[in-house]
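Please treat every number below as a calculation from the coordinates, not as lab data. From a predicted model like this one, the values you see are computed outputs, not experimental measurements. In this analysis, Cβ positions are derived from the backbone assuming ideal geometry, glycine residues included, and neighbour counts consider all displayed protein chains.
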Amino acid sequence: MNTPTHPVAPIQEFQLEKHGHTRIDPYYWLNDRDNPQVMTYLNAENEYLAATFAHTNDLQSKIFAEIKARIKEDDSSVPFFENGFWYYTRFEEGKDYPIFCRKKETLEADEDIMLDANILAEEHDYFSIGSWSISQDNAIIAYSQDTQGRRIHSIRFKNLITGETYPEVIQDVTSNLVWANDNTTLFYTKQDPQTLRYAQIFRHTLGTDPEEDNLVYEEPDETFYTRIMKTKSKKYLLIRSTQTVSSEYQFLDANTPHGTFQIIQPRQRDLEYYVDHFKDHFYIQTNLHASNFRLMRTPVDAPWLAHWEEVIPHRTDVLLEYYEIFKEYLVVAERRNGLMELRIRPWDGSEEHYIEFEEPAYLAYISINPQFDTHTLRFGYTSMTTPRSTFDYDMQTRERTLLKQQEVLGTFNKADYQTDRLYAPARDGASIPISIVYRKDTPIDGSAPLLLYAYGSYGASLDAGFSSPRLSLLDRGFVYAIAHIRGGEELGRQWYENGKLLNKKNTFTDYIDAAEDLLNNQYASPDLLFGKGGSAGGLLIGAVINMRPDLWRGVIADVPFVDIVTTMLDDSIPLTTNEYDEWGNPNDPRYYEYMLSYSPYDNVEEKDYPNMLVTAGLHDSQVQYWEPAKWVAKLRATKTDSNLLLLKTNMEAGHSGASGRYERYKEVALDYAFLLELTKRKNS
């Protein structure tokens with residue numbers, strides 16, 4: 001391979017003092033996006049990647065074409081019925097963006113196009129509809145749009161009867177919005193302009209100047225985020241304030257939007273609760289004396305904690321994830337042994353049951369269910385070999401009806417693929433679930449390349465779902481695996497607690513132990529093991545290659561959170577103060593020392609590292625572009641090997657990458673070309 005000369009970032013030493021420690025940061029200057037030298041460096045890295053991988057352009061184009069060819073271009077979602085209309089989203093052939101539609105009363109009625117994002121996106125390099133909400137009289141749609149990728153939205157209004165777009169625009173807000181029941185009042189959330197923390201709830205009256213909007217609530221605690229929502233019953237507006245370990249709700253009758261919100265239960269440290277409404281009660285999912293959560297209810301006219309009564313008790317082996325209320329049934333989504341189960345519980349006390357699923361690894365979930373008075377549950381199902389499927393389930397007869405399964409065009413046949421579930425022994429005796437998929441003709445004898453993906457933070461559970469783009473990797477002989485490591489919540493709340501704060505290193509050692517178990521069980525060749533993670537999962541990758549660089553042929557770190565100590569010491573940027581309970585507050589020496597001991601950027605050493613592909617987004621509001629940029633610059637100056645080190649900065653997008661239905665698959669094609677090129681070179 002003819003490799004061009006890589007860029008060299010200038011060193012400008014900057015001293016960081018804390019707790020008696022002096023850290024020298026040679027690339028701190030990259031934090032300044034207004035410095036022309038920064039843009040020069042980022043562009044130079046992009047040009048280096050393009051030149052280095054120019055010989056894979058045909059392969060990337062082929063993979064992109066494969067992925068696109070599997071997509072049914074003229075596709076639509078399964079309609080759901082709410083307040084007299086059927087709502088659905090559809091795509092048209094050759095177009096990047098969704099079209100939001102509805103039909104009145106029956107699916108045979110004429111289509112009403114509410115929003116065509118293809119038209120709205122015409123003048124923008126990046127475009128995304130954040131959310132939308134319909135007024136109670138079905139006449140007005142309010143919607144938020146982001147044209148930068150930094151999750152800073154504007155809100156617009158359209159009359160669905162006349163087609164008129166209203167002149168008022170609410171600028172620089174979040175995507176969070178909801179109508180009151182009077183058809184003229186919209187509540188929305190505004191972020192702190194510097195940290196982007198969801199901090200304020202405003203009330204807007206249709207037809208008035210947004211500059212005159214009323215501030216309804218301002219969250220004073222910098223560790224909390226706040227947002228506005230409405231109960232399924234549509235009767236109450238809720239203001240929710242949450243941080244990692246605490247929450248608080250306020251409620252207001254949605255018919256009286258100018259009234260005063262009342263607190264359900266004042267916030268307490270380590271008390272989490274989540275609220276919905278049915279008849280005369282609020283239903284409350286809470287960790288009160290229940291680490292895996294239980295379900296309570298309380299009268300609307302006496303909602304505070306002293307009146308909470310139990311509906312579903314706590315269980316040590318089952319995590320209560322969420323629930324859905326119907327007139328005659330309560331449906332509970334529970335996680336047992338890392339897998340989702342759907343439990344149907346009649347209110348009249350008759351026999352409850354679970355919906356049965358047969359595959360060893362899968363994802364089942366409650367879908368969109370806006371109606372109370374129905375026996376039909378809409379749920380979704382997918383596995384690593386089963387495309388995403390939508391079912392209607394009759395909770396009375398226990399019959400399920402497949403409404404739609406994701407169509408995979410081309411030669412895909414589910415019978416050609418195998419999914420397995422493995423439990424890897426961790427070094428401290430824990431058992432780590434691993435979900436695996438591969439073609440049945442791929443030899444499981446220690447000769448195959450394998451990509452191991454993981455996340456392991458915020459209690460986010462990774463489930464074994466289907467990926468049509470992934471087929472391009474599987475069909476070329478790769479095994480793909482997901483390690484359900486600590487820091488996620490797959491095995492209950494304690495699985496999360498044991499992978500955060502001063503237990504964070506369990507996340508990294510779990511990933512290493514899972515990788516070694518896959519090798520021991522001959523799912524992968526020791527010379528062809530690859531790792532991938534994004535955002536906090538990118539921190540995982542960064543920490544792991546410092547700990548065990550010899551284990552990996554190559555790694556992909558997408559928008560990686562790798563400069564954790566410097567970032568968490570800067571309370572002026574997004575995702576800092578409200579995450580002290582996730583990572584620790586480095587202003588406390590105990591947490592500072594621990595975070596510093598695994599921070600990927602701070603622990604780069606003079607040694608050999610695996611081949612690496614790193615991505616960043618210039619407008620990323622969650623992991624600022626400079627974290628991956630600094631990390632790559634420091635690795636270039638420090639590492640002792642000649643392996644690939646590539647940085648790709650998307651200059652038009654943020655944390656989620658490119659917008660549009662197809663553009664993001666060009667990024668996937670680059671990932672796969674990186675993996676396949678390294679496999680080819682090893683085997684040649």
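Take the Cβ atoms of T256 and E164, set R0 to 41 Å, and the FRET efficiency comes out at 0.90. Which shape class applies to the chain: rounded if a/c is under 1.5, otherwise prolate when a/b exceeds b/c and oblate if not, where a ≥ b ≥ c are the square roots of the Cα gyration tensor eigenvalues? The shape class here is rounded.
Each of S572, S367 has some number of other Cβ atoms within 10 Å of its Cβ, and from fewest to most they run S572, S367.
Which angle from 0 to 90°, rounded to the nearest 10, does the C-alpha axis of helix 57-69 make with the longest principal axis of the chain? The two axes meet at around 20 degrees. Residues whose amide H lies under 5 Å from that of K72, counting only those 5 or more places away or on a different chain, are L409; hydrogens are built 1.01 Å from N in the peptide plane.
Within the shell defined by Cβ-Cβ distances under 10 Å, the residues around R400 carry a net charge of -3, with Lys and Arg each +1 and Asp and Glu each -1. Each Lys or Arg adds one and each Asp or Glu subtracts one; over the other residues with Cβ under 9 Å from the Cβ of T165, this totals +1. For the residue pairs K95/K666; K235/K279; K504/K648; K234/K327, the alpha carbons lie more than 20 Å apart in K504/K648. For region 124-259, the relative contact order is 16 percent, taking Cα pairs closer than 8 Å that sit 6 or more residues apart in sequence and dividing their mean separation by the residue count.
To the nearest ten degrees, helix 505-520 and the longest principal axis of the Cα atoms of the chain are 70 degrees apart. Less than 11 Å Cβ to Cβ from T567, Lys/Arg counted +1 and Asp/Glu -1: what total charge do the surrounding residues give? Taking every other residue near T567 into account, the sum is -4. When you count the other C-beta atoms within 10 angstrom of each residue and take the mean per peptide, 380-391, 586-597, 342-353 line up highest first as 380-391, 586-597, 342-353. Taking the number of Cβ atoms within 10 Å of each Cβ as an exposure proxy, the fewest-first ranking of T286, T147 is T147, T286. For helix 36-52, report the angle its Cα long axis makes with the longest principal axis of the Cα atoms of the chain; keep it between 0 and 90° and round to the nearest 10°. Its long axis makes an angle of about 70 degrees.
Full extension of the chain between D527 and D125 gives 140.7 nm of extra length, using 0.36 nm per residue less the Cα-Cα distance. Packing here is the average count of other Cβ atoms within 10 Å per residue, and on that basis the peptides 408-416, 5-13, highest first, run 5-13, 408-416. Provide the FRET efficiency to the nearest 0.05 for the D475-D182 pair, computing r from the beta carbons and using R0 = 51 Å. The computed FRET efficiency comes out at 0.40.
Helix-only mean residue ellipticity at 222 nm, the chain, DSSP H runs n ≥ 4 weighted -39,500 (n - 2.57), per residue, nearest 500. What is it?
When only DSSP H runs of four or more count, the value is -5500 deg cm²/dmol.
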